[in-house]
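Colleague: Right, I'll just put the structure down here and ask away after.
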Amino acid sequence: MVRLIIFFMLHFHFFFFFCKCKISIGNWGYDQVGNGVIFDPACYYGHSEAELSILAMFGAPPKEFYTAYHELIPKENGFEERHKLYKLYHFMNHYSIFGKAYRNQCMEILQDLTK
């Protein structure tokens, strides 16, 4: 079966950090009138699901984020497996750039995908 994949502008370095004081820091912010802005030098066009996979690497956003996201772009069959594969891509990229600190996560995802 052929699926239609709509490509979106993705933000490879899009991440969230949440702390107890509820201050969010990362590569996003607001302009002078309160519009959300993303600062990202590594944008690319790709499958929308790929962006979700990197969020979990650096502190996942709250469940409400995913609920709202999937109201706009519903989950399709096979989402969970593709999510693992996209997550593997990001962990392998970090492994190749930053070294062995990311090796265990790569191996865990590979083992999970090959069960």
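A short reminder: the numbers here are calculations on the coordinates, not readings from a lab. On a predicted model such as this, the values are computed, not experimentally measured, just so you know. Every residue, glycine as well, gets a Cβ built from its backbone with ideal geometry; the counts of neighbours run over all protein chains shown.
Colleague: Compute the distance in nm between two label points, each set 7 Å from the Cα along the Cα-to-Cβ direction, one at residue 9 and one at residue 77.
Modeller: Between residue 9 and residue 77, the label points sit 3.4 nm apart.
Colleague: Aspartates and glutamates near residue 115 by alpha-carbon distance under 17 Å, same-chain residues fewer than 8 away left out - which ones?
Modeller: Of all the aspartates and glutamates, those that pass the test against residue 115 - Cα under 17 Å, at least 8 places apart if same chain - are 80, 81.
Colleague: Extending each Cα 7 Å along its Cβ direction at residue 98 and residue 43, get the distance between those two points in nm, one decimal.
Modeller: With each label placed 7 Å out from Cα toward Cβ, I get 2.4 nm.
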